Every structure is written in C-alpha cells, then in structure tokens.
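Structure record follows, encoded as structure tokens.
The values are calculated or read from the model by the stated rules, or taken from the named source; none is laboratory data. All figures in this text were calculated on a predicted structure; none of them were measured in a lab. Every residue, glycine as well, gets a Cβ built from its backbone with ideal geometry; the counts of neighbours run over all protein chains shown.
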Amino acid sequence: MVKISSKLIIIIAGMMAALVITAPAVQAKSASGSWGTSKVSANLGVASALSVCYTPTTNVPAPGGFAFDGVRIRTGPYLDCPTAGLGYTTHSVTTHCWAPGDTVGSYHTWTYLTDNTTGKKGWSTDAYLTKPSLARC
C-alpha cells in the first residue's frame, strides 16, 4: 500500500507539454506492516520528450481509406505510441478528425479513424491515407 502526498503540474500549450511531479512525502507499507517515508521529485521533460497517446472526443465521421497495406494504426499521433492494429487497402475506414503529430515524409498531421473491417480505432499518419479527415480534433 502506498500513500502519496503530492503536487502534480501539467502544462499544455497547443501540443507542447511538460510534466513535473513533486511528492514531498511518499509513504509505503512494507510486507511486515511498518510504514516508511521518503521524498520524491521528478521532471519528465518537455514537449519533444513527452508524446501523448490519446483518444479524441471529436467525431465527424467520413469515409476514408488506407493507401498501402500494413499501415500502422497507433494509440496516438506519434511514432512512439503503441500499435493497435494494421490497416489494408481492402479495409473499410471511417475517419473522425485530424491532429498534428510526428512528421512522416512531408506530412505532420494524423487522422483518428476506425478500421471498420477489424474494429480497431486509432491514429494513422495522413501520409498513408487516401482520404484523411477534414475535421480538426
């Protein structure tokens, strides 16, 4: 069991973000049942070091498609976000919205979509889509 007395600060400016965690007192209960206290502080960096993988709330459905086979569907508009599935040119796709993300080729926008064939939802770079979303997330 852990008790944390802390302050959490998240600063977001557009797609720029920094996360600072300060925990003046962290208490942990050991297996023997005794409590111990220590101080913890962490600075997790700024925008380029912090990729936010997320599901947007904007939903403007429109038909879309994959331009290539094996296009990664990710959990966020960044290359280091985990892959949720793969899209293929034969799959039915619904796009929902777009947002800026990592640059792929000359494209810096990503579309949040649903692969209707597999049921997978996530982000794919507009570089690999035939019809990216026109609605901003």
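Data table
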read-out	value
Selection from the stretch 92-108 of residues that are touching a residue at least 24 places away in the same chain (Cβ under 8 Å) and closer than 16 Å to LYS131 by Cβ	SER92, VAL93, THR94, THR95, HIS96, CYS97, TRP98
Verdict on THR109 being of a type in the set (S, T, N, Q), over 13 Å from VAL60 (Cα atoms) and over 19 Å from the mean Cα position of the chain (by Cα)	no
Selection from the stretch 109-121 of residues that are free of Cβ contacts under 8 Å to residues at least 60 places away in the same chain, part of a strand (DSSP E or B) and farther than 16 Å from ALA67 by Cα	LYS120
Of all residues making up the stretch 79-105, the number that are of a type outside the set (A, V, I, L, M, F, W, C) and closer than 12 Å to ASP126 by Cα	6
Residue check, LEU19 assigned to a strand (DSSP E or B), surrounded by fewer than 13 Cβ atoms within 10 Å (Cβ to Cβ), of a type outside the set (Asp, Glu) and at pLDDT below 50	no
Number of the exception - LEU79 against (1) part of a strand (DSSP E or B); (2) over 12 Å from THR130 (Cβ atoms)	(1)
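For every residue, the table says whether it meets (1) touching a strand residue (DSSP E or B) at 6+ places or on another chain (Cβ under 8 Å); (2) part of a strand (DSSP E or B); (3) in contact (Cβ under 8 Å) with a residue 60 or more places away in the chain; (4) surrounded by 14 or more Cβ atoms within 10 Å (Cβ to Cβ).
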| residue | (1), (2), (3), (4) |
| --- | --- |
| ASN59 | yes, no, no, no |
| PHE68 | no, no, yes, no |
| ARG72 | yes, yes, no, yes |
| THR90 | no, no, no, no |
